[in-house]
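Presented below is the structure to which this report refers.
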Number of protein chains: 2
Amino acid sequence: MRSATLAAMTPERPAPLAKQGRGPSMHDVAARAGVSHQTVSRVLNDFPGIRPETRERVLTAIRELGYRRNMAARALATGRSEVIGVIMPEVPHFGPTSTLYAIEHAAKQVGFKPLITTASWDSESMGEALDFLLGRAVDALVVMAQHPDVLAAVDAITDVPVLFVLTGNSHGARSVAVDQVKGTRLALDHLYSLGHRRFQHVTGIAGLTEAQLRRDTFLAFLDEHGLERLPVLEGDWSADAGYRAGLQVADGVTALFVANDPMAIGAIHALEERGLSVPRDVSVVGFDDVPESAYAHPGLTTVHQDFTEVGLRAVSLVFAAINGKEPDVGEAVEPWLVVRDSTGPVRS
Amino acid sequence: MRSATLAAMTPERPAPLAKQGRGPSMHDVAARAGVSHQTVSRVLNDFPGIRPETRERVLTAIRELGYRRNMAARALATGRSEVIGVIMPEVPHFGPTSTLYAIEHAAKQVGFKPLITTASWDSESMGEALDFLLGRAVDALVVMAQHPDVLAAVDAITDVPVLFVLTGNSHGARSVAVDQVKGTRLALDHLYSLGHRRFQHVTGIAGLTEAQLRRDTFLAFLDEHGLERLPVLEGDWSADAGYRAGLQVADGVTALFVANDPMAIGAIHALEERGLSVPRDVSVVGFDDVPESAYAHPGLTTVHQDFTEVGLRAVSLVFAAINGKEPDVGEAVEPWLVVRDSTGPVRS
DNA sequence: ATCCGCCATGTTGACGATAACATGTTGACG
DNA sequence: CGTCAACATGTTATCGTCAACATGGCGGAT
């Protein structure tokens, strides 16, 4: 089994499942406790008006039988599943991943679990993901929308509450986002205030909201301050792309704004290879504040995005929506600048 | 909503759900197509023996109504859910996260999706996770077992196939693991062959299988070669811990084996702060080969773990088990050494 | 022509839970 | 001492699907 392959594993129709005996049901528990199945249901759902003794008897029977509620049946009867669907990008970047963990953690607290599926932003892929999750009767949907196109694809969904976790500006009431413009300006203001006047930018994947906003804000900033627009270097979020971009940084540039930390680390590596010292010759600012950035060489100045907060708010909003409450809409999540050693005053 | 809180969100009993009308069912489709609901079911499940014209009529009705299969009902009737439960560590480390993405990707290919829940390794937390997932009628369980204790907790489960994704040695037939001993020896042999004789080790979280194996193998290696056992430095996988450990590396040590890359990066930072150059004074080897390691300063020599392969094999084995086939058990996944610039010959 | 059997489809009964309604048993009160 | 409300519990219908069996029509073999 060197390098497992799934090719041979895809049958035309699902193979005849090895039938496994089902576990005990409410009826079994009821029989054992000498009550009706409905009483068992009531105990399970904490209904009032059960004699303590009866409840105890039921609970004992449950324990003895190792009974476990069948959520499929419950979902069928109630229409709710206590599962929230999460649609993520297919590539494991720091932001979505951190947010996912935060969502999982927060959802657990309120009795929900995430059912994950990944999708790229083309509508076919999105459609499949939606079909799958909605078929699963998820109670709500959290969509990590990297690309403007997904908004339209998902907006048609009315079956369940939908929340966008954007890495950009907000979309309607039901969305959570880190303020990208603010974050970008934090970085650029910092560089500007250190005296830098020749800027260059390494972008994230073209077209993604997040990357686009950082890029647009960068260019706007240049214009506002009457600075020269040097060519923007196209990246793809990877350290590798950062490295390649770093090799192309124009001569005379003293301030490099990189759209995320891994690329910044790659870029710094390239700059040093070219004999340019950071921050003596070039100051570099990243974005994200991944945990390793503090120990990069030199320690990376970067914009911190609070993904934990994003996940928490996402669950909070989704939960409100599920319960039909008005969402407690907040402003965008505020990023902040973490100044370390990769930025310094421009050399005179 | 500064810093969202979930405290106020946990009602005693689930709030009365805002009732949302259910979508169309098979009956609706059947009525529209002028057939019986069973025929609809047959079309949906690709049964043979449907007149093409009938099938077409059904498909049209489905499209027109925007019908979507109710998987809860299907799961109830069939006993299978096409969902595999995944139990992960609560902390977002590189290994489990990468494996998760690989699992999601591979599972999707064979029509499954992962239902994720996190758990620490105490049996209470594990028990909750298991209850949740088994109650969901997951078709199989993938458990990322960081700690020996979880094996026992999960071994009792017989309802569904269980697969362990270990970050250590294997456990019974149904497990996938990267060969930790091999990986560790790769790193140590490399250092030894460069002439190093004074070694020190920074560990992962004490007790975790992975950390324990690397540590044990390290100590065994020392003994085999008659090398001095300097104190082992306790880490917790974080770059931060690596940094702190780096500050405590003993004088005269020329070879530092660090249990993962982030800690290695932190340790290097500390060493440089102490005026020790890597690799001139100290050679450092990490573990994992996170994408940024190539661009660390200096480029980090490390042991590559192929988590994609782990995820793929996990799904492959799980899928086989679900279908009652004998698993195609393979050996442990082989790690390999990636030599970069953080290691060099010992100075004479 | 008759019967058999296959093909395409319809009918009925689980699956395991909840919801709505029905029932029997208390105890308080006039 | 009878009545009624409140309480504790039981009974029946329902959710949407699949599985098993039933049916009707049509063609070929006898």
Among residues belonging to the range A:248-264 that are surrounded by fewer than 24 Cβ atoms within 10 Å (Cβ to Cβ) and hydrophobic (A, V, I, L, M, F, W, C), point out the one that is nearest to the chain's Cα centre (by Cα).
A:VAL249
When the range A:17-39 is examined, which residues are found to be free of Cβ contacts under 8 Å to residues at least 24 places away in the same chain, away from every other protein chain (no Cβ under 14 Å) and more than 8 Å from DNA strand D (Cβ to nearest atom)?
A:HIS27, A:ALA31
Go through the range B:45-62 and give me each residue that's within 12 Å of DNA strand D (Cβ to nearest atom) and within 11 Å of another protein chain (Cβ to nearest Cβ).
B:ASN45, B:ASP46, B:PHE47
Any idea which residue in the range B:63-85 is nearest to DNA strand D (Cβ to nearest atom), counting only those that are hydroxyl-bearing (Ser, Thr, Tyr) and surrounded by 19 or more Cβ atoms within 10 Å (Cβ to Cβ)?
B:TYR67
What number of residues in the range B:308-325 are in contact (Cβ under 8 Å) with a residue 24 or more places away in the chain, of a type in the set (S, T, N, Q) and facing chain A (nearest Cβ under 8 Å)?
1
Before we move on, is B:VAL138 assigned to a helix (DSSP H, G or I), of a type in the set (A, V, I, L, M, F, W, C) and not assigned by TED's automatic domain parsing to the domain that holds B:ALA211?
no
Answer with yes or no whether B:THR184 is at pLDDT 95 or above and of a type in the set (Val, Ile, Thr).
yes
Residues being among the hydroxyl-bearing types (Ser, Thr, Tyr) and either part of a strand (DSSP E or B) or touching a Gly at 6+ places or on another chain (Cβ under 6 Å) (or both): count how many of those fall in the range A:249-308.
4
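Let's see how each residue does on (1) modelled with pLDDT of 90 or more; (2) outside the structural domain of B:SER98 (by TED's automatic domain parsing); (3) among the β-branched types (Val, Ile, Thr):
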| site | (1), (2), (3) |
| --- | --- |
| B:VAL143 | yes, no, yes |
| B:LEU151 | no, no, no |
| B:VAL154 | no, no, yes |
| B:THR158 | no, no, yes |
| B:PHE164 | yes, no, no |
| B:ALA173 | no, no, no |
Of (1) within 9 Å of chain A (Cβ to nearest Cβ); (2) in a loop (DSSP other than H, G, I, E, B), B:PRO345 satisfies all except one. Which?
(1)
Among the residues in the range A:226-247, are any under 22 Å from the mean Cα position of the chain (by Cα), facing chain B (nearest Cβ under 9 Å) and in contact (Cβ under 8 Å) with a residue 60 or more places away in the chain?
no
Residue list for the range A:282-307, filter: within 14 Å of chain B (Cβ to nearest Cβ) and among the polar types (S, T, N, Q)
A:SER293, A:THR302
Residue hits (the range B:315-348; among the small types (Gly, Ala, Ser), at negative phi and modelled with pLDDT under 95) are B:SER316, B:ALA320, B:ALA321, B:GLY330, B:ALA332, B:SER348
Selection count, the range A:102-114, where residues are touching a strand residue (DSSP E or B) at 6+ places or on another chain (Cβ under 9 Å) and surrounded by fewer than 21 Cβ atoms within 10 Å (Cβ to Cβ):
2
Working only within the range B:114-135, note down all residues that are more than 19 Å from A:VAL83 (Cβ to Cβ), among the small types (Gly, Ala, Ser) and in a helix (DSSP H, G or I).
B:SER123, B:SER125, B:GLY127
Can you tell which of A:SER120, A:SER125 is hydroxyl-bearing (Ser, Thr, Tyr) and free of Cβ contacts under 8 Å to residues at least 24 places away in the same chain?
A:SER125
Being at the interface with chain B (Cβ under 8 Å from one of its Cβ atoms) and closer than 13 Å to A:HIS297 by Cα: is that true of A:PRO279 here?
no
Residues located in the range A:62-85, provided they are more than 9 Å from DNA strand C (Cβ to nearest atom) and over 17 Å from B:GLY85 (Cα atoms):
A:ILE62, A:ARG63, A:GLU64, A:LEU65, A:GLY66
When you scan the range B:26-40, how many residues do you find that are surrounded by fewer than 18 Cβ atoms within 10 Å (Cβ to Cβ) and near DNA strand C (Cβ under 8 Å from one of its atoms)?
4
If we keep just the residues of the range B:137-149 that are under 15 Å from the mean Cα position of the chain (by Cα) and more than 17 Å from B:ILE84 (Cβ to Cβ), which is farthest from the other protein chains (Cβ to nearest Cβ)?
B:HIS147
A:MET126 more than 10 Å from every other protein chain (Cβ to nearest Cβ), crowded, with 22+ Cβ neighbours inside 10 Å, among the hydrophobic types (A, V, I, L, M, F, W, C) and within 20 Å of B:HIS105 (Cα to Cα)
no
Conditions (1) at pLDDT 95 or above; (2) within 9 Å of DNA strand C (Cβ to nearest atom); number of the one not met by B:ALA102
(2)
Does A:ASP159 count as within 13 Å of A:VAL86 (Cβ to Cβ), in contact (Cβ under 8 Å) with a residue 24 or more places away in the chain and within 13 Å of chain B (Cβ to nearest Cβ)?
no
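The values are calculated or read from the model by the stated rules, or taken from the named source; none is laboratory data. Bear in mind the structure is a predicted one, so any value in this text is a computation, not a measurement. Cβ: placed from backbone, ideal geometry, glycine included. Neighbour counts: every protein chain shown.
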